[in-house]
Amino acid sequence: SKGNHRHYMIKEIYEQPIVVAQTLRSYLQRIDDTLTLPIPDFDLSAIRRVTIVACGTSFYAGMIARYWFEQFARVPVDLDVASEFRYRAPVIEPGGLALFISQSGETADTLAALRHARKEGQKIAVVVNVPTSSMAREADLLLPTYAGPEIGVASTKAFTCQLAVLAALAANLARAKGRLTPEDEHAVVKHLSEAPAALNAALAYEDTIKGVAADVAMARGVLYLGRGTDYPLALEGALKLKEISYIHAEGYAAGEMKHGPIALIDENVPVIVIAPSGRLFEKTVSNMQEVQARGGKVVLISDYDGIQEAGSGCLATITMPKVHPLIAPLVYSVPVQLLAYHVAVTKGTDVDQPRNLAKSVTVE
Ligand code: F6R
């Protein structure tokens, strides 16, 4: 049931602190602050390449995970949407890990890609929310998310739970490859276990976001910009807005802005900039200023420091708690989801059952 909530989507957005904590319980051992996997003796040490395949929001989780696999484990990553993967003659060397990400575990293209990868001699890892699904049954390494049933067609809590599992998997792989000292491992466990509280803190900004949503609801189109792991989040923000509010939206790598999309900028196209303070902040801010110099209206999602530094001149700012970069993609998912939700509610669209969409896509 929806409980006190008006829609399943908002209920599921609010469940995130609990379901992420529930999911992390299978991947972190708080007794000694170490990482674990649901199949603890699964040997990752020989993995030389990871191939990530998924669709939609699950694909964006995979895109974020690519940064983690490369950064922590220094393992090269191939990444593709499932409907393209099989048809581009991918070069897959035997002995790799093929990783499939799916809420439902039934998405036809992803399942077909999984079977193809098995034929190509890959070990099959599956991050999946439905434990009885086809993908769950066909996995060598089953990595469940414990988001509980997701009813809203637009995926929210399944996404943040996928991110939690993928961060833990990347760190496990790094450890298996001898690239994670015990101190690093404790730090990863500590950061991940801070995610539920940080998600709660992010949820406290719903009222600010409601105000922003009133402006965005009037827009002809919306751009989302981010760098690094915030780039896939920009794509996810645009997808979420399109799906439930029917406003055209695009996500771009912030640095790509000046290579074309900047031509779209005027006062009727709000630009949502996702930029926690840190290593990439200055670069993203300079892209944001390029937008502002052309009359573009910016909504900056950052932390207190970032907003102090660059928030003036923005149409609105949304302040996130200051968090470690590892969990930032989880935390910054919340304002992105809430913004799409409140724009849709403002427009009066059917949030839980958007037109033309199905929860589980079982045709290729
Ligand atoms: C977006 C959304 C879809 C799914 C996609 C894959 O909000 O829900 O893009 O993410 O259809 O579905 P699963 O994860 O079930 O394979």
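Return one number: the angle in degrees, 0 to 90 and rounded to the nearest 10, between the long axis of the Cα atoms of helix 56-68 and the longest principal axis of the Cα atoms of the chain.
Long axis of 56-68 versus the principal axis of the chain: about 70 degrees.
Where the convex hull is taken over the Cα atoms of segment 252-294, what is its projected area averaged over directions, in nm²?
2.9
I need to check one value: relative contact order of the chain, counting alpha carbon pairs closer than 8 Å and at least 6 residues apart, in percent.
For the chain, the relative contact order is 20 percent.
Considering only protein heavy atoms and a 1.4 Å probe, what is the carbon-and-sulfur percentage of the accessible area of the chain?
So the carbon and sulfur contribution to the accessible surface is 51 percent.
Reachable aspartates and glutamates from K119, Cα under 15 Å, same-chain residues fewer than 8 places away excluded?
Straight-line reach from K119, under 15 Å: E93, E138, D140.
By how many degrees, 0 to 90 and rounded to 10, does the Cα axis of helix 182-193 deviate from the longest principal axis of the chain?
Relative to the chain, helix 182-193 is tipped by roughly 50 degrees.
List the lysines whose Cα sits under 24 Å from the Cα of K2, skipping any in the same chain fewer than 8 residues away.
Candidates past the 8-residue exclusion: K11, K157, K210, K240, K242, K347, K359.
Which whole-number percentage describes the relative contact order of segment 84-233, with Cα contacts under 8 Å and a sequence gap of 6 or more?
14
Angle check, please: helix 281-293 long axis (alpha carbons) against the longest principal axis of the chain (alpha carbons), in degrees 0 to 90, nearest 10.
The two axes meet at around 30 degrees.
Given axes a ≥ b ≥ c from the Cα gyration tensor, I'd like to know whether segment 182-259 is rounded (a/c under 1.5), prolate (a/b larger than b/c) or oblate.
It comes out oblate by the Cα gyration axes.
In terms of the Cα gyration tensor, with a ≥ b ≥ c the square roots of its eigenvalues, is segment 112-186 rounded because a/c is under 1.5, prolate because a/b exceeds b/c, or oblate?
It comes out oblate by the Cα gyration axes.
For the chain, with only Lys/Arg (+1) and Asp/Glu (-1) charged at the beta-carbon, what is the dipole magnitude about the Cα centre, in debye rounded to 20?
Magnitude of the dipole: close to 360 debye.
If you put +1 on each Lys and Arg Cβ and -1 on each Asp and Glu Cβ, how big is the dipole of segment 124-184 around its Cα centre, in Debye rounded to 20?
60
What number, in percent, do you get for the relative contact order of segment 194-321 if the mean sequence gap of Cα pairs under 8 Å and at least 6 apart is divided by its residue count?
Once normalised by length, the contact order is 24 percent.
Apply the a/c threshold of 1.5 to the C-alpha gyration tensor of segment 69-174 and tell me whether it is rounded, prolate or oblate.
Note, shape of segment 69-174 comes out oblate.
Which listed residue (I301, A112, A316) has the Cα farthest towards the positive end of the charge dipole for the chain, taking +1 on Lys and Arg C-beta and -1 on Asp and Glu C-beta about the Cα centre?
Result: A112, furthest along the dipole toward the positive end.
What list of ³J(HN,Hα) couplings, whole Hz, do you get for segment 237-254 from phi and the Karplus terms 6.51, -1.76, 1.60, once you set θ to phi - 60° and write x for glycine and proline?
x, 5, 4, 4, 5, 4, 4, 9, 10, 6, 8, 5, 9, 9, x, 9, 5, 3
Determine the gain in length on full extension of the stretch I31-K119; use 0.36 nm per residue of separation and subtract their C-alpha separation, reporting nm with one decimal.
Computed gain between I31 and K119 is 27.7 nm.
The values are calculated or read from the model by the stated rules, or taken from the named source; none is laboratory data. Being a predicted model, the structure only gives us computed values, none of them experimental. Heads up, the Cβs are rebuilt from the backbone with ideal geometry, glycines too, and the neighbour counts pull from every protein chain shown. Ligands, DNA and RNA are stripped out before the accessible areas are found, and what is left, the full protein with its side chains, is counted by its heavy atoms. Shrake-Rupley method; radii C 1.70, N 1.55, O 1.52, S 1.80 Å.
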